[in-house]
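Participant: A single structure is presented below for examination.
The values are calculated or read from the model by the stated rules, or taken from the named source; none is laboratory data. These numbers come from a predicted model, not from an experiment. When we count neighbours, we look across all protein chains shown, and the Cβ atoms used for this are built from the backbone with ideal geometry, even at glycine.
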Amino acid sequence: MPEWRSILTTNGCTAAATGCARRYGKAETRFLEALRLRPQDAAALFDLGFVRDRQGKQRAANEASASAVTLKPSTDRAWQGMGRANTALGEP
């Protein structure tokens, strides 16, 4: 298993599942570690944006989602993430 993938799966719990369990800080840490190894991973960027949104970090969520859209414009969930963050920030 590639090192970046093992970061996202630790002790049988994926980073996404950690986020779903509302352990957003831990999930954020895992996504950041994986992105250090694979900075062009649009899915990890989207997921990072999701957990940051749930933590109330809208500006950081928007930045992660925007990076995902830049890398893979067909990522509709990232566009939605940008929209949620912009709405929370009061931006168009």
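Participant: How many residues does region 28-49 contain that are under 13 Å from W79 (Cβ atoms) and within 8 Å of the chain's Cα centre (by Cα)?
Facilitator: 3
Participant: Please work out which residue is modelled with the lowest pLDDT, limiting yourself to region 45-75 and to residues that are of a type in the set (V, I, T) and more than 14 Å from T29 (Cα to Cα).
Facilitator: So the residue we want is T75.
Participant: If you don't mind, there's one more thing I want to ask. Would you list the helices (runs of 4 or more DSSP H) that sit entirely within region 38-92 and hold 2 or more residues that are among the acidic types (D, E) and surrounded by 16 or more Cβ atoms within 10 Å (Cβ to Cβ)?
Facilitator: Qualifying helices (runs of 4 or more DSSP H): 42-54.
Participant: A further question follows. Residues of region 35-81 being of a type in the set (A, V, I, L, M), within 24 Å of R23 (Cβ to Cβ) and in contact (Cβ under 8 Å) with a residue 12 or more places away in the chain, which ones?
Facilitator: Result: L35, L37, A42, A43, A44, L45, L48, V51, A61, A64, A68, A78.
Participant: Given the condition more than 12 Å from the chain's Cα centre (by Cα) and modelled with pLDDT of 85 or more, answer yes or no: does some residue in region 76-87 qualify?
Facilitator: no
Participant: Suppose the filter is under 24 Å from T87 (Cα atoms), in contact with a helix residue (DSSP H, G or I) (Cβ under 8 Å, 6 or more places away or on another chain) and acidic (D, E); does D53 pass it?
Facilitator: Judged against the criteria, D53 is a match.
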